[in-house]
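**Student:** The following block contains the structure, expressed as C-alpha cells.
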Amino acid sequence: MRGPVAPPQVPLAASRGEVFADLVQDSVERLERRWPQLADIDFLVLDVPRPASAGEAWNDETVPLGGTVPSRDGRRGRVVVYRRPVEIRTKGRDERALLVHEVVVEQVAELLGLTPETVDPRYGEE
C-alpha cells in the first residue's frame, strides 16, 4: 500500500521550511501585540542570503541570519530571516525558536530605528 507516512494535518507532514516559517510567524505574532505597526511590514523566509557583490564570499563570521528592506516608493518594509544559516547554528526546535525570535527582534528594531530591548524587553534573557 502506497501513500503518505502521515496525514497532512499532523506535524510530521510539515516540511522543514514550513516549520521554520511557522517559527517566524509565531515570533511576529508575539511582537504584533506590542507593535501593531508590524502589520505594515512583510516578513519573509529565504533559504540563504545572496552575497552583496558577485565576488564576495561568506564565512562563518559574516553570514547574516536576517536582513531588512526599508519601505519606500509605496512599497512595504520587509524583514527577511534566512533559514539555513539559522538552522546550522541551532540544535533543536526550542533553540531554533529562540534564535528566530532574536533575529526577528533585531531586524524589526533596525527597521523601526529602535533598540532590540525596546522592541522586546525580554530580548537576550532567554
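Please treat every number below as a calculation from the coordinates, not as lab data. Note that the structure is predicted; figures quoted are calculated from it, not measured. Every residue, glycine among them, receives a Cβ derived from its backbone with ideal geometry; neighbour counts consider all protein chains shown.
**Student:** Exactly which trypsin sites (Lys or Arg not before Pro) in the range 86-126 are in a DSSP loop and have at most 11 other Cβ atoms within 10 Å?
**Tutor:** Working: sites: Arg89, Lys91, Arg93, Arg96, Arg122; in loops: Arg89, Lys91, Arg122.
Filter output for the range 86-126: Lys91, Arg122.
**Student:** Search the structure for amide H atoms under 5 Å from the amide H of Gly77, placed 1.01 Å from N in the peptide plane, and list their residues when 5 or more places away or on another chain.
**Tutor:** For Gly77, the qualifying residues are Asp42, Ser71.
**Student:** Can you work out ³J(HN,Hα) from phi for every residue in the range 97-102, in order, using Karplus 6.51 cos²θ - 1.76 cosθ + 1.60 and θ = phi - 60°, giving whole Hz and x for Gly and Pro?
**Tutor:** Working through the residues one at a time gives 4, 5, 5, 4, 4, 4 Hz.
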